[in-house]
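Data block below; observations after.
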């Protein structure tokens with residue numbers, strides 16, 4: 001499981017429980033993987049988030065939801081999202097996602113098309129503020 005990508009302790013535990021390993025074995029395996037640094041949740045958060053931002057242009061809201069679904073601590077996720085927001089401008093991320101999806105922004109002149117673009121960016125996890133900044137920068141709304 002760890003040869004393809006980093007995983008969380010929650011994901012490893014789920015997989016082992018699915019294969020009907022006893023709870024004691026699951027705990028021991030997770031402790032051992034952490035000890036030899038094959039299981040590092042901080043590294044997982046960093047790598048997962050960067051990949052999702054750079055390849056899929058996800059915003060902080062979607063990233064937070066995905067990371068929490070992986071069984072990570074809320075405080076650790078929030079700290080990283082704050083750090084990530086300093087590194088990446090949220091409005092620039094929203095603009096990149098907008099330009100990637102709608103190569104020709106001239107087709108976003110009707111309110112219906114703009115609403116569809118707005119909803120698309122919300123599903124990607126961008127905040128309303130970041131979306132509106134991206135829209136204004138590109139002469140929309």
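A few notes on this one:
- Protection-proxy order for peptides 93-99, 12-18, 62-68, 130-136, each taking the mean of Cβ atoms within 10 Å per residue, highest first: 93-99, 130-136, 62-68, 12-18
- Point-to-point label distance, residue 114-residue 37, nm (Cα→Cβ direction, 7 Å offset): 5.2 nm
- Each label was represented as a point 7 Å from its Cα along the Cα-to-Cβ direction; for residue 85 and residue 46 these points are 2.1 nm apart.
- Gyration tensor verdict on the chain (Cα atoms; rounded if a/c is under 1.5, prolate if a/b is larger than b/c, oblate otherwise): prolate
- Residue-averaged [θ]222 nm for the chain, counting only DSSP H segments that reach four residues, each worth -39500 (n - 2.57): -21500 deg cm²/dmol
- The long axis of helix 111-123 is offset from the longest Cα principal axis of the chain by roughly 20 degrees.
- Inter-label distance, nm, simple model (7 Å from Cα along the C-beta direction), residue 17/residue 78: 2.5 nm
- Using alpha-carbon coordinates, inclination of helix 60-69 to the longest axis of the chain, degrees: 20 degrees
- Counting Cα-Cα pairs of the stretch 40-88 in 10 Å increments starting at 0 gives whole-percent bin shares of 27, 67, 6.
- Between 0 and 90°, nearest 10: helix 41-56 axis offset from the chain longest Cα axis: 30 degrees
No lab work stands behind these numbers, since they all come straight from the coordinates. Keep in mind it's a predicted model, so treat the numbers as computed, not measured. For neighbour counting, all protein chains shown are included, and Cβ atoms are generated from backbone atoms with ideal geometry for every residue, glycine included.
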